[in-house]
């Protein structure tokens, strides 16, 4: 089976790295959609070198790694990478015009971030995710959350959001054509929330909030520039080299699609971008209704929940070690690395004035024990966490298509 990758940006290139290492697919067809440099050699050089992860040969084979990109044919756009045939398409940027059918590609991973609306028509002038299907693909996996532009429009029945290891069973091969793999932040957050929900149950959750301290992405500017016409967030036009930048995250909207129990829990998600190239951190705050002030939820219990869950999970890691962000860069399949030494809990009594709620029978005040738990988790928002988990998701979908 052949794999199509649309886009050769951060996730596109690192997905290519993942799959030429894994060798599950017989051939990989990458659509760049434009001419690059002076020819195919320049594309090969870009694939081979990465400012965050080094050389491809060393990623594949360690310190003894050598040249792994060979047999370049500029006219055909072909090369072999680690023995895997790779074809580069350089003509169409609109998904509907990409030659997936002509190249025998049934499964496409769209990593451009440009086509995220599952309701957009395949023949939309500026391109649409469904254009890949019109061009011959049977399934399209999006490396980003779905974003429906027209408010009030429902999610199509043939579209589903999944995180590998959390709700990938929601994918129905006979029903779903478009699959979102959510985002790196939602993936990490899912593995922070799920163990606690499984242990305590959704009815114990009073509220939750998170902040992701996130490495820079392509949406930040290298230097300050004038905002685009109609821009409302001027901070996106400021230099990431010099600033901590407050921004937004779609994790709060995406999480209930992955973990439905979160629909009934008040949840706030915020994001702060910092001047590092990769390696991010989520600070999760949970407010839980406790059973008593005498025997409250303690840090030891919270850490044991994550420790036990991690024993049976490919994607969650628990650690009592002290980390900094570079320690987890490239760490394979670690969707979330719980920093157990930083888990904190505090229990207090929440007093509710029942009279203000219109209850005039019985006591006027009700005291409820509430524990606030703070949990930290690291994630490599590019290769180690997100792209590797995305790679597993890609293979699992492919296996259900055969």
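The values are calculated or read from the model by the stated rules, or taken from the named source; none is laboratory data. These numbers come from a predicted model, not from an experiment. Note that we place each Cβ from the backbone using ideal geometry, even for glycine, and neighbour counts take in every protein chain shown.
For the range 114-144, which residues satisfy the criterion of being closer than 16 Å to residue 171 by Cβ, in contact with a helix residue (DSSP H, G or I) (Cβ under 6 Å, 6 or more places away or on another chain) and assigned to a loop (DSSP other than H, G, I, E, B)?
Result: 143, single match.
Quickly run through the range 212-235 and pick out the residues that are surrounded by 15 or more Cβ atoms within 10 Å (Cβ to Cβ) and at pLDDT below 90.
Of everything in the range 212-235, just one residue is surrounded by 15 or more Cβ atoms within 10 Å (Cβ to Cβ) and at pLDDT below 90, namely 220.
Could you look through the range 104-113, keep only residues that are crowded, with 16+ Cβ neighbours inside 10 Å, modelled with pLDDT of 95 or more and outside any strand (DSSP E or B), and pick out the one that is farthest from the chain's Cα centre (by Cα)? Break it down stepwise before answering.
Within the range 104-113, the first condition is being crowded, with 16+ Cβ neighbours inside 10 Å, and the residues that meet it are 105-113.
Still in the list and also modelled with pLDDT of 95 or more: 105-112.
This time we only want the ones that are outside any strand (DSSP E or B), so: 111-112.
Values: 111: 11, 112: 13 Å.
Among residues in the range 104-113 that are crowded, with 16+ Cβ neighbours inside 10 Å, modelled with pLDDT of 95 or more and outside any strand (DSSP E or B), the one farthest from the chain's Cα centre (by Cα) is 112.
Across the range 313-333, what is the number of residues that are under 21 Å from the mean Cα position of the chain (by Cα), surrounded by fewer than 17 Cβ atoms within 10 Å (Cβ to Cβ) and in a loop (DSSP other than H, G, I, E, B)? First the steps, then the outcome.
Within the range 313-333, the subset under 21 Å from the mean Cα position of the chain (by Cα) is 313-318, 324-333.
Going one step further and asking which of them are surrounded by fewer than 17 Cβ atoms within 10 Å (Cβ to Cβ), we end up with 314, 324, 326-327, 332.
If we keep only those that are in a loop (DSSP other than H, G, I, E, B) too, we end up with 314, 324, 332.
Adding up the residues that qualify gives 3.
Among the candidates 227, 296, single out the residue that is touching a strand residue (DSSP E or B) at 6+ places or on another chain (Cβ under 7 Å) and assigned to a loop (DSSP other than H, G, I, E, B).
On the way: 227 fails: touching a strand residue (DSSP E or B) at 6+ places or on another chain (Cβ under 7 Å).
Checking each option against the conditions leaves just 296.
Limited to the range 215-224, what total is found for residues that are touching a helix residue (DSSP H, G or I) at 6+ places or on another chain (Cβ under 7 Å) and assigned to a strand (DSSP E or B)?
1
Only one of 244, 265, 166 is out of contact with any helix residue (DSSP H, G or I) (no Cβ under 9 Å at 6 or more places or on another chain) and either within 29 Å of residue 319 (Cα to Cα) or not assigned by TED's automatic domain parsing to the domain that holds residue 139 (or both). Can you tell me which?
Details: 265 fails: out of contact with any helix residue (DSSP H, G or I) (no Cβ under 9 Å at 6 or more places or on another chain); 166 fails: out of contact with any helix residue (DSSP H, G or I) (no Cβ under 9 Å at 6 or more places or on another chain).
244 is the lone residue from the list that is out of contact with any helix residue (DSSP H, G or I) (no Cβ under 9 Å at 6 or more places or on another chain) and either within 29 Å of residue 319 (Cα to Cα) or not assigned by TED's automatic domain parsing to the domain that holds residue 139 (or both).
Quick one: how many residues across the range 279-302 are surrounded by fewer than 20 Cβ atoms within 10 Å (Cβ to Cβ) and in contact with a helix residue (DSSP H, G or I) (Cβ under 6 Å, 6 or more places away or on another chain)?
The qualifying residues number 1.
Select from the range 132-167 the residues that are in contact (Cβ under 8 Å) with a residue 12 or more places away in the chain and out of contact with any strand residue (DSSP E or B) (no Cβ under 9 Å at 6 or more places or on another chain) and list them in ascending order. Steps first, answer last, please.
To start, the set of residues in the range 132-167 that are in contact (Cβ under 8 Å) with a residue 12 or more places away in the chain comprises 132-150, 153, 155-167.
Residues satisfying the conditions are 134, 147, 148, 149, 150, 153, 157, 163, 164, 166.
For residue 123, indicate whether it is without any contact (Cβ under 8 Å) to a residue 40 or more places away in the chain, surrounded by fewer than 19 Cβ atoms within 10 Å (Cβ to Cβ) and in contact with a strand residue (DSSP E or B) (Cβ under 6 Å, 6 or more places away or on another chain). Reasoning before the result, please.
Working: without any contact (Cβ under 8 Å) to a residue 40 or more places away in the chain: yes; surrounded by fewer than 19 Cβ atoms within 10 Å (Cβ to Cβ): yes; in contact with a strand residue (DSSP E or B) (Cβ under 6 Å, 6 or more places away or on another chain): no.
No, not satisfied.
For the range 175-182, check the following and say yes or no: at least one residue is out of contact with any helix residue (DSSP H, G or I) (no Cβ under 8 Å at 6 or more places or on another chain), assigned to a loop (DSSP other than H, G, I, E, B), surrounded by 18 or more Cβ atoms within 10 Å (Cβ to Cβ) and in contact (Cβ under 8 Å) with a residue 60 or more places away in the chain.
For the range 175-182, residues out of contact with any helix residue (DSSP H, G or I) (no Cβ under 8 Å at 6 or more places or on another chain), assigned to a loop (DSSP other than H, G, I, E, B), surrounded by 18 or more Cβ atoms within 10 Å (Cβ to Cβ) and in contact (Cβ under 8 Å) with a residue 60 or more places away in the chain: absent.
For the range 232-266, name all the residues that are more than 21 Å from residue 151 (Cβ to Cβ) and in a loop (DSSP other than H, G, I, E, B).
If the condition is that a residue be more than 21 Å from residue 151 (Cβ to Cβ) and in a loop (DSSP other than H, G, I, E, B), then 238, 240, 241, 242, 243, 244, 259, 265 are the ones that fit.
If I filter the range 268-288 for residues that are over 30 Å from residue 222 (Cα atoms) and without any contact (Cβ under 8 Å) to a residue 24 or more places away in the chain, do I get at least one hit? Outline the logic, then answer.
Quick first cut of the range 268-288, residues over 30 Å from residue 222 (Cα atoms) only: 285-288.
Add one more test, that the residue is without any contact (Cβ under 8 Å) to a residue 24 or more places away in the chain, and what stays is none.
Within the range 268-288, not a single residue is over 30 Å from residue 222 (Cα atoms) and without any contact (Cβ under 8 Å) to a residue 24 or more places away in the chain.
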